[in-house]
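Colleague: Quick one: the structure is below, questions incoming.
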Amino acid sequence: QVQLVESGGGLVQAGGSLSLSCAASGSIFSVNTMGWYRQAPGKQRELVASITRDGRQNYVDSVKGRFTISRDNAKNTVYLQMNSLKPEDTAVYYCNAHAVAGTGPFVSAGDYWGQGTQVTVSS
């Protein structure tokens with residue numbers, strides 16, 4: 001019903017910047033909270049940042065002041081600008097969206113995930 005396609009990521013040196021984007025498509029009625037999670041090897045997936053439809057943002061403490069989340073509601077797209085990257089930011093980053101989607105009588109709210117994109121920060 002909803003597909004999330006991520007782009008961006010890659011390899012960067014410590015102190016550098018990267019940007020991620022994630023576009024939602026499909027039989028969408030509305031996309032509510034969107035966010036970015038990350039999972040490093042051997043660790044649990046954690047919320048990095050989220051943003052509500054009206055723009056309220058939330059960040060994990062470790063990225064405050066360095067990462068900025070934003071969204072374009074018209075494009076159902078969420079962005080993550082990552083500055084001053086550190087080696088500990090290395091992880092697979094996943095886009096997440098809470099959306100109402102479906103066709104005909106099969107409309108429901110759901111939680112959707114992107115395929116993940118690797119971010120590697122070298123020291």
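The values are calculated or read from the model by the stated rules, or taken from the named source; none is laboratory data. Source: prediction; values computed, not measured. Positions of Cβ are backbone-derived with ideal geometry, glycine not excepted, and every protein chain shown enters the neighbour counts. We work out accessible area using only protein heavy atoms, side chains counted, and drop any ligands, DNA or RNA first. Shrake-Rupley method; radii C 1.70, N 1.55, O 1.52, S 1.80 Å.
Colleague: So how strong a dipole does the chain carry about its Cα centre when Lys and Arg Cβ are +1 and Asp and Glu Cβ are -1, to the nearest 20 debye?
Modeller: Using only the charged Cβ atoms, the result is roughly 120 debye.
Colleague: Further question on the same structure: Taking the alpha-carbon centroid of each part, what is the distance from segment 35-80 to segment 86-102 in angstrom?
Modeller: Cα centroid of segment 35-80 versus Cα centroid of segment 86-102: 7 Å apart.
Colleague: Another question, then. Could you look at the chain and say what percent of its accessible area is carbon and sulfur, using a 1.4 Å probe and all protein chains?
Modeller: 50 percent
Colleague: Right, here's the next one. How big is the Cα convex hull of the chain in projection, averaged over all directions, in nm²?
Modeller: Its Cα hull, projected and averaged over all orientations, spans 7.3 nm².
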